[in-house]
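Working notes, structure below.
The values are calculated or read from the model by the stated rules, or taken from the named source; none is laboratory data. Because the structure is a prediction, the values reported are computed rather than measured. Please note: Cβ atoms are built from the backbone with ideal geometry, for glycine as well, and neighbour counts cover all protein chains shown. Note: areas computed on protein heavy atoms with side chains; ligands, DNA, RNA excluded. Shrake-Rupley method; radii C 1.70, N 1.55, O 1.52, S 1.80 Å.
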Amino acid sequence: MVKKLEQAKLEEYKDIARQAIIPEKYDEIMKDITRTYQEIEIFQDERTMEMLSRLLFLWCNRNMDYRQGMNEIMGVIFYAYDFQQFEEDQREADLYWMFDAIMTHHKRLFDYTSKTPLENTQIIKQYLQIMQKLKTIDSELYNVFQENKISSELFLIRYIKCLLSREFEIDQVLEIWDHIFQYGNRLQLLDCIIISMFIEVKQAIFEIEYINGFEVYLLFQNYPKKDKYMQIVSRATKIYCIYSQQLNFISKQNNLTNNPELQKYSHGSIQVKAYINYFNIFVKNNDFIYFITDCILLGQLISIGVNFKILVQCQTICQSTNDILKFERIRSKR
């Protein structure tokens, strides 16, 4: 069955590849391809550039107009592909369909024209969604952007469209993509990784003598924490879990809303017992302190003045007095 499907896709690509090349569209793509990953030798090869340009032309000719950023995504796919394992006539077809699979959902972010009002574009909607999540997760950092009128869309739009392909080394990007695609082709983890990237450079932003849009833009334009990429992803998966339905399930299971014992520890939708159970699921031993420094839940609890020692009563969460002292030091720096 799998072989039949592969053969069908190969034949379908052969039909697609019979399209006549439109020079002006092809040349527009080639301009970007000649600037794509030129620091890597294989991308400097003329045959590579011609193949990538042709693949993008064929896909765009069937789906939508070419947009900058598509070249970056195709470049990562090409870099990851194992050319030695497949026959020559299958290679281009594989690259084409891998790109098509990613773009099935992602292409909506490229679907706009110069006449489209910005507020109606999907890319702006996703940008605003990320900033709203940042506001919930780290209101202090969000307020810095708002109060200083920092236009984060200047770099965030590239982050989103290019799937972070230019923010990290290409081998790091492959690992990051592995995690992103584990959560499905709707790329739901991407938002959380970007938020995690914000948190990772929070201290660097606060250390800017006079915080301004230009300095912050330079910081994110050449992201300084590339070496922390796995910590960023790890934090992102925890942020993602917070937004999943698991927390709602825990809240319902514990019947928190009507529990008078928890009312004094509650603030709106924040329920301490739900968080304790949630931490029991996801947090183990020494990872606890690392988790809470960035976690939305404890961040909210602290902001409303809930004493951390309430949580310490649950021994499965906090293993020692040293953990409490570490947390107090972290909190005092906020």
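Count charges around residue 153 for me, please; just the other residues with Cβ under 13 Å from its Cβ, Lys/Arg as +1, Asp/Glu as -1. Walk me through the intermediate numbers first.
Numbers: positive: 125, 149, 158, 161; negative: 119.
After counting each charged neighbour, the total is +3.
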(request) Could you work out the relative contact order of region 70-133, using alpha carbon pairs under 8 angstrom and six or more residues apart, expressed as a whole percent? (result) 23
(request) Once you have all Cα-Cα distances for region 1-120, histogram them in 5 Å bins from zero and send the whole-percent values. (result) 2, 10, 21, 23, 21, 13, 6, 3, 1, 0
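Suppose every Lys and Arg Cβ carries +1 and every Asp and Glu Cβ carries -1, with no other charges. What dipole size does region 24-158 come out with about its Cα centre, to the nearest 20 debye?
Numbers: 16 positive and 24 negative charges, 167 e Å.
It works out to roughly 800 debye.
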(request) Considering the options 10, 23, 36, tell which one lies farthest towards the positive end of the dipole of region 1-63, charges being +1 on Lys and Arg and -1 on Asp and Glu at the Cβ, about the Cα centre. (result) 10
(request) Find which of 126, 71, 104 sits farthest along the positive direction of the dipole of region 68-205, computed with +1 on the beta-carbon of Lys and Arg, -1 on that of Asp and Glu, about the Cα centre. (result) 126
(message) Rounded to the nearest percent, how much of the accessible area of region 80-193 (1.4 Å probe, protein heavy atoms only) is carbon and sulfur?
(response) 45
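Among 125/225; 149/228; 25/161; 115/149; 115/238; 9/107, which pairs are too far apart, with a Cα-Cα distance over 30 Å? Mind dumping the intermediate values first?
On the way: 125/225 26 Å; 149/228 28 Å; 25/161 20 Å; 115/149 26 Å; 115/238 39 Å; 9/107 20 Å.
Pairs exceeding the cut-off: 115/238.
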(request) Give the accessible surface of region 45-175 per residue, rounded to a whole number of Å², with probe radius 1.4 Å and ligands, DNA and RNA excluded. (result) 48
